[in-house]
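The values are calculated or read from the model by the stated rules, or taken from the named source; none is laboratory data. Model, not experiment: these values are computed from the prediction. Cβ placement follows ideal geometry from the backbone for every residue including glycine, while neighbour counts extend to all protein chains displayed. SASA here: full protein model, heavy atoms, side chains in, ligands and nucleic acids out. Shrake-Rupley method; radii C 1.70, N 1.55, O 1.52, S 1.80 Å.
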Amino acid sequence: MTKTRPTDVGVLSFRYLGSHEVEELADLWGALHQQHTVTASHLEDIIGAVSLDESWRRRRAQYLAWLADPDTMAILAEHEGDLAGYAMVTLRESAQGSWDRGDRVAVVQTFAIDPEYTGTGVGSELLEEIRRQLAGMGVRDIEFSALATASEDITFLEQEGFRPFITTMVCRVNGFGAHD
């Protein structure tokens, strides 16, 4: 039986996970992994995707490492007991350079919304919860990466007040020139 896609979720509940609860994120990570491989197919000639199992094994280990820091937040968004999305947010010291960004900057390491909840407001509400928590910690800036070809994600972030800041380019070490 297929669940009915909600059109507007209304009120969400948020749960903060500890390292012993990371396994709850596996299915949503899987959906995000699939989205990544489809959205970034332009990178196949220089960066190969790993299997879903290997991807989750790596990400799970990274989550456990991040959650060793008490300032890391793993926020689970639920709608009527259903897992609707999650965010993994770390803090880093702000590199004092050309911009005043405060002492610490938040980095959204993962932002995954169940595909059934796309367009229902879950992403906006989850982001609002992140902002609320960070403001209480005295953090002013949030960094949020999006794949360059993920136009819907970029549009969402711009609607939420984000602006492009740094563009990350990738290539293989032995790759050079326009036709390699």
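Remarks
- Leading residue by the ranking (most open to solvent (accessible area, probe 1.4 Å)) among those in region 109-138 that are more than 21 Å from Asp71 (Cα to Cα) and of a type in the set (Gly, Ala, Ser): Gly119
- Selected residue (criterion: modelled with the highest pLDDT) from residues of region 1-23 that are part of a loop (DSSP other than H, G, I, E, B) and open to solvent by 80 Å² or more (accessible area, probe 1.4 Å): Val11
- If the condition is being closer than 25 Å to Gly97 by Cα and assigned to a helix (DSSP H, G or I), then region 150-174 contributes Leu157, Glu158.
- Members of region 24-54 that are modelled with pLDDT of 90 or more, in a helix (DSSP H, G or I) and more than 18 Å from Gly85 (Cβ to Cβ): Leu52, Asp53, Glu54
- For region 83-108, the set of residues classified as outside any loop (DSSP other than H, G, I, E, B), open to solvent by 60 Å² or more (accessible area, probe 1.4 Å) and more than 13 Å from Leu134 (Cα to Cα) consists of Glu93 only.
- Some residue of region 61-82 being more than 20 Å from Asp153 (Cα to Cα), modelled with pLDDT of 90 or more, open to solvent by 70 Å² or more (accessible area, probe 1.4 Å) and assigned to a strand (DSSP E or B): no
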